[in-house]
Structure formats: structure tokens, C-alpha cells
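Here is the structure we will look at, set down as C-alpha cells.
Nothing in this text is a laboratory measurement; each read-out follows from the coordinates by a stated rule. The shown structure was predicted, so the numbers you read here are calculated from the model rather than taken from an experiment. Glycine also receives a Cβ, built like all others from the backbone with ideal geometry; neighbour counts cover every protein chain displayed.
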Amino acid sequence: MQVPANFTQLLTEWRSGHPQALDRLTPLVYDELRRLARNYMRAERGSHTLQATAVVHEAFLRLIQANVALQDRGHFFALASRLMRRVLVDHAKSRSRMKRNVDARDLAAEVAGEIPPPMDFDVVALDDALEGLQQLEPRLAQVIELHYFGGLTYDQIAVAVGASTATVHRDIRLARAWLLNEIGGTRPA
Amino acid sequence: MIPRARWLEVQSLFEQLIDEDAGDRTSRLASVCGDDVELRSSVESLLNSDARREDALLYAIGEAAESLLEDHRDRLIGTRIGPYRVASILGHGGMSTVYRGERDDSQYQQTVAIKVLQHATLHPRLRSRLHSERHILATLDHPSIARLIDSGDLEDGTPYLVMEHVDGESIDTYCDSRTLFVRERLELFVKVCAAVQYAHRNLVVHRDIKSSNIFVTVDGTPKLLDFGIAKLLEKGDQDTPATDLTQLVGRAFTPEFAAPEQVQGAMRRSRPMFMRSACCST
């Protein structure tokens, strides 16, 4: 797929307070995800979760490659990883609304041991906690977005934010620990 | 929230201690924190979370990504509908999904919008009525109404409509992005009204006119989209009971743009819809 030339422009509009730009960005992200997903999902079943994450990260990289001057890349990495977060969280929210009706059945299957119990938390809880981190220390929230939603390596993040790789690594460990405490309540390991 | 000064202390201690082994940590924490129990427990709980081996964040995101891809790995993408290859999804409506289709028989190049009605939402009894409706829609021929090109059923019986693909942007975005003057906006509006009037003369009401259903092409032609929930008015008798289809889709409008009578569920006539369309282009 050719990434539309206005992708970066839409990103800029979105962050400068034009929420309707999100309506035009989301289909671009979906298109790219779908295109990539066709290849990934043909692979054998299992480890889908990791594959899906890889799809998101690859889509991110392809979208951000469009027409971004080198000196602006850090800025656009930040915008695009924020966009990925938005897309995933919005989808999760709409899905939980749709799924409300089948919860009872799921619970029964779970009790019967047919499906594993849900993991600790979902992306919506993560999103809420990230808002809190943003208030506390914006730098930490940003490295989390870049690493987890954008799929950037520590080295890539270091270049994007102008810090050393060691600093980025420390920041991510601190941010992740803080988020886990915030989401799960403090508990012993 | 944790006071700034305290947070900086916690952060600094965490960073000093993360690479030390457990024994050294405990003694360092004890000596640095003294009887500041709060500081000590804050740092300890962060170190404990840091020590968790599985990456729960990645898992949460992966799960969201998987569910998103599952929902959007559409079975129709890449398949053929009539002479068209389904290329991508243009959008989701309340009762349908609209795909971009490309003509795929090397006759000529053509892009269309294919609207596939959601199987589950269609009562079997209403299918025949839908069939007759789309024939009527096919007779609408106006430069400002997106044309119905073809229609049919998928193999599983799901009805679809092939519509003219309108390459443009919604009328409000169009007006604002070009900062059109009032006069230019009104000229567009008059064209929209003409299309609505044309449809009404053919006894077809749109019933969901809103800015996102009016696109303007690059050459400035407004196009009314999505006559999907249009209802054929009963000829000569405005007071006949609502048809099945009307009952099904009777509330399938967008409240912000609907005529008050529609919201109140009163009998619908052409007039309120026409009057109300005035609001869409402002």
C-alpha cells in the first residue's frame, strides 16, 4: 500500500487540536494493519498475540516512513505511537461494549476451565495508567508509547528523544514498574 | 499525586538500585531510607514490579492488537463481487460495511463503493422488500446523487449494493478546508437541495442526510451518499401504516441531523426532511 502523502499532515492536525483528523487517520492505520495481517495470519496458529503486536509495529514503521524529514522524525515517531495507542484503545473500548452480552457465557466456560482466565489487565487499564504517568513524568510516558505502541528499539528511542540508550533502558524499567504498580495495586512479587 | 520532591527521590533511588543484587539492595535501602518507611516501601514495590519476568504490558497490547486484527481481517477483502475485486474497507455503517471495489476484468478501470448489508441485521421477510427498493434506487439518475450501479446477493445470501465511488470529502470539511464564503456555501447547498428535491419527486426520501453523507468532489460537485435507508413513500397516501422496512429502520437516523418529527417518531413526509437539510451545510 502506498501511504497517503497527507498522513504526516493529518498527524500534525490531530495533535494541534483537530480531533476530526483522527477519523481520517484511523482508516489509514486499519488499512495498513489489514494489509500486513493477511501475511502474518496465514502463518500457523498459536503465538498470535506476538504476531499481532509485530503487525502493529510494522504498520507503525511503514506509516511513519512517509515523507518525514530526518530532523522531524523524533516528533513524528511520538505522534504516530500516540496514534497507535489511540487506535488500539478505542478498538478495545468499542469491543468491550459489543462483548458485554456474551460475558456470561465466557464466564461459564472459564469456570469450566475451557478457556484461561483473563490476564492481569487490558490495554484500556494500561491507557488509564499511562495518563497518570503522563501527569507525573511525561518523559516516561513517552518512552513507553514509543517502545510498546510504536515498537521502537531502545536504540531507536534514544535517537528519537536525544538520550543515551542506557537512559532509555532505565526509563522504561522505571515506567513499566510504576505502571504495573498503578494498575495492579502494589503487591509483593 | 506523589509530591514532586518525593518522586524525584524515589526515581533516583530506583535507578541506583536496579542493577544491584538483592542483598546489596536491602542494605542500601536501609541505610538511605533510615526510618522513612514510605520512601522505602515505594522504592521496594517498584523494584519488585521491575523483577517480574513476563512483560504484562506487551501482553496487554498484543491482546488488543490481536482482537483488532481479528475484527478487521475481513473475509471479503481480496475476493470478487461481480466484476469487482474487493480492495479495502471504506467505512462501517450501522447496518452495513462499505468496501472499495476495483473492476477486475481488464475491461476498463473503475473504482466503486460496495455496500454489504450485515446479514444478521436483516430479517428474512424484509429481503424481498429490499430487492424492490434497490430497483427504485437504481432509477435515480442525478449528478448530485451517488449512482447505484449494480446490486445482488453474495453466495450466502447477503445483499450488496454497488455504488458510484465518490472521491472527495464531506461537505463541512470541504467548506472549512477551503474557507469558503457564505455565498459559495449557499451555492453548494442549493445543489444539494436540488438533488434532494429530485429524489423526493421520485418518492424516495433519504432519511439520514448529514454532512458525512454529503461528499464534494474535487470539481466542486456535491454528491449525496447512502440512500441505503431510504424509504419509498407510499404513493398518494401519506397515512398508510409504516412498512416493515420502515419499522426496522424507523429509527436508523442520526439524531443530531434528523428532523424533530423523525426523532419523535411521527409520520414522516418529504417536507421536514427537506427543510431540515438546511442545517447540514452550515
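Here the extension length gained between A:THR153 and A:LYS93 equals 18.8 nm, from 0.36 nm per residue of separation less the Cα-Cα distance.
If R0 is taken as 45 Å, the Cβ-Cβ distance between B:GLU54 and A:HIS18 corresponds to a FRET efficiency of 0.70.
Approximating the spin labels as points 7 Å out from Cα along Cα→Cβ, the B:GLU155-to-B:VAL37 distance works out to 7.0 nm. Could you compute the FRET efficiency for B:ASP176 and A:ASP72, with r as their C-beta to C-beta distance and R0 at 22 Å, rounded to 0.05? With R0 = 22 Å, the Cβ-Cβ based efficiency is 0.30.
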